[in-house]
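Down below is the structure, laid out as structure tokens.
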Amino acid sequence: MAQGKPAQGKPAEGKFARGKKADSAAEGRGTSARKSDHAGKPAKQEAATPRTAAVAIRPLSKPTGVRPAETVPVILETAATDGFELIDSGDGEKLEQYGPYRIVRPEAQALWPRALAKGEWDNADAVFSGDVDEDGLGRWRFPGEPLGETWPMKLLDVDFHGRFTSFRHVGVFPEQIAHWLWMREQIQASKRPLKVLNLFGYTGVASLIAAKAGAEVTHVDASKKAIGWARENQLLAGLQDRPIRWICDDAMKFIAREERRGNGYDIILTDPPKFGRGPNGEVWHLFEHLPLMLDICRSILSPQPTALVLTAYSIRASFYSIHELLRETMRGTGGQVESGELILREQSAGRALSTSLFSRWIAN
């Protein structure tokens, strides 16, 4: 069960979508690309890209007041759950169970030796091979019978499609279950329908979980293919009648418009890439644009907000970097900021595999 363990110390905006089936999706993501771990375009193209000024949207504000309370470090753990299991890891790879399939993929964090025998790994249904770089293209090899591109999956009682993509990903990031369980509890415990904004929403699993729990959801992603995949998942989950807006747009441009309109959200999930491009060539650089993105997100929180949740993958920083940034952003709001890492717990030897950093502000 996922839990927090504090250590010591365009489709056009407008009416709610009804799940119209779109083109089949590939791996595009986010304000463009997925974080280096969830890629749409390889981050290694970054050096050749002109650094357009997303910061020109508006100046960065300077919040005043006391910084929120803090809890650090917090380790949010996802153990084996119905639909997913980290079976083993080591030697730069991980062996996972996604629904009916056993899958082997590269994992730079797995510095230790494998716990299970070679034969256990050789029984995998799919193995990703190719460029070992986090953003590298590659191909899937199927040691047994050939497999289709997609297969049915279910997590937290929500159905969706898994998919073998050329960037080693399968359409869901199970370490996020820790956030999703917490979010679902907040939505279900609320005495009013909460409005959730899911930025860089990818294939929509978080959006579907929120909608099923009773929230009104706005899902934003810059990739038409990812939006199409998310709509397919909505159909598969049988949630066509739930209030979800599927918006294909650059995340920064969208939240800037929402700020000008005076719109607000009770929970904001933001899962930005390290580098990416928007649908009209907008360029996103995490370390340049994250402060302004969080600043605008603060301004579009509702008068009675619940949380602002940030996840960051494969970046050259510690969780303390984003922790202190979020505390500065949320000066004068009260509440608390808790930050740390998301981990997966393997079944073979019980080791913790760190997958990403996170920081979240929670209202009082």
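Where a number appears in this text, it was derived from the coordinates with a stated rule and is not lab data. In this text the structure is predicted, and so the values were computed from the model without any measurement. All Cβ positions, glycine included, derive from the backbone under ideal geometry; neighbour counts span all protein chains shown.
Each principal axis of the Cα cloud of region 234-364 was taken in turn, and the coordinate range along them, longest first, works out to 51, 42, 35 Å. Does region 136-288 come out rounded, prolate or oblate by the C-alpha gyration tensor, with a ≥ b ≥ c the root eigenvalues, rounded set by a/c under 1.5 and, if not, prolate when a/b is larger than b/c and oblate if not? Because a/c hits 1.5 or more and a/b fails to exceed b/c, region 136-288 counts as oblate.
If both residues of a DSSP beta bridge must be in region 198-344, then about 20% of such bridges are antiparallel. Rounded to the nearest whole angstrom, the semi-axes of the ellipsoid equivalent to region 58-140, taken from the Cα gyration tensor as √(5λ), stand at 36, 18, 13, largest first.
Here is the list for region 79-178: GluC sites (Glu not before Pro) lying in DSSP coil, each with at most 15 other C-beta atoms within 10 angstrom of its C-beta, are 149.
Here the spin labels are modelled as points 7 Å beyond Cα on the Cα-Cβ line, and at residue 354 and residue 240 they lie 4.6 nm apart. Using a ≥ b ≥ c from the Cα gyration tensor of region 109-185 (square roots of the eigenvalues), is it rounded, prolate or oblate, where a/c under 1.5 gives rounded and otherwise the larger of a/b and b/c decides, a/b for prolate? Verdict is prolate for region 109-185. Report the trypsin sites (Lys or Arg not before Pro) located in region 229-332 that are in a DSSP loop and have at most 10 other Cβ atoms inside 10 Å of their Cβ, or state none. Those that pass, being in a loop and sparsely packed, are 316. Label zone of residue 118 (point 7 Å out along Cα→Cβ, amide N under 12 Å): in region 74-98 this covers no residue at all.
Using the beta-carbon distance between residue 129 and residue 149 and R0 = 22 Å, what value does 1/(1 + (r/R0)^6) give for FRET efficiency, to the nearest 0.05? Computed FRET efficiency for residue 129 and residue 149 comes out at 0.85. Note on residue 69 and residue 320: with the Förster distance fixed at 25 Å, the Cβ-Cβ geometry gives a FRET efficiency of about 0.95. Placing a label point 7 Å from the Cα of residue 111 along the Cα-to-Cβ direction, the residues of region 343-364 whose backbone N falls under 15 Å of that point are 352-355.
Say R0 is 30 Å: what FRET efficiency, to the nearest 0.05, do residue 137 and residue 331 get from their beta-carbon distance? It comes to 0.10.
Annotation for region 139-227: trypsin sites (Lys or Arg not before Pro) lying in DSSP loop with at most 16 further Cβ atoms inside 10 Å of their Cβ are 191. In terms of its C-alpha gyration tensor, region 78-224 comes out prolate, because a/c is 1.5 or above and the ratio a/b outweighs b/c.
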